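What follows is a single structure, written as structure tokens, with notes after it.
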Amino acid sequence: MKTRQGYQGNVLLVEIIVVLLFFSLSAVISMGVFVRARQMTEEAALLTAANERMSAWAEELALTPAAEEYLAAQGFLQTDGQWALTGEQAVYTAQAAEENTGAGIRTRVLLEAWDQDGNALTSLTAGGYFGGEEQP
């Protein structure tokens, strides 16, 4: 007696469809991961650039007795007692204060960086002590 074997082409077609669905789903998930990784990289680059720029300013401010003159020379504009500088990707603000201690002048500048949406990125305090007489 002869037995009839079924057509195997349908099974192959179903297997191919399952494999294609699996790879499509994997691709969608991977693209989401890559997009988020790119966003995180851009945020990290912005934060790094802000930190480098503010660190350079802080080092100079530690050696400069006239903090407000230095800020003006760097392009900061003063409005309502606060200094601001708009960069390409961030907005920098500075608040300068001087304290006369009798033996010299102590300067203190609070530097802050904000992204274009108004979210705080980082802050840094800089300053120095100038003048006064040396003690033997």
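The values are calculated or read from the model by the stated rules, or taken from the named source; none is laboratory data. What you are looking at is a predicted structure, and each value in this text was computed from that prediction instead of being measured. FYI the Cβ positions are ideal-geometry reconstructions off the backbone, even for glycines, and counts take in every protein chain you see.
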Flagged in the range 104-119 as part of a strand (DSSP E or B), within 14 Å of THR86 (Cα to Cα) and more than 9 Å from the chain's Cα centre (by Cα), in numbering order, are LEU111, GLU112
For the range 83-110, pairs from a residue that is farther than 18 Å from GLU68 by Cβ to a residue that is loosely packed, with under 13 Cβ neighbours inside 10 Å and not hydrophobic (A, V, I, L, M, F, W, C), with Cβ under 6 Å and 6 or more apart or across chains, are ALA103/GLY132
Regarding the range 54-73, can at least one residue be identified that is surrounded by 14 or more Cβ atoms within 10 Å (Cβ to Cβ), modelled with pLDDT under 90 and out of contact with any strand residue (DSSP E or B) (no Cβ under 8 Å at 6 or more places or on another chain)? yes
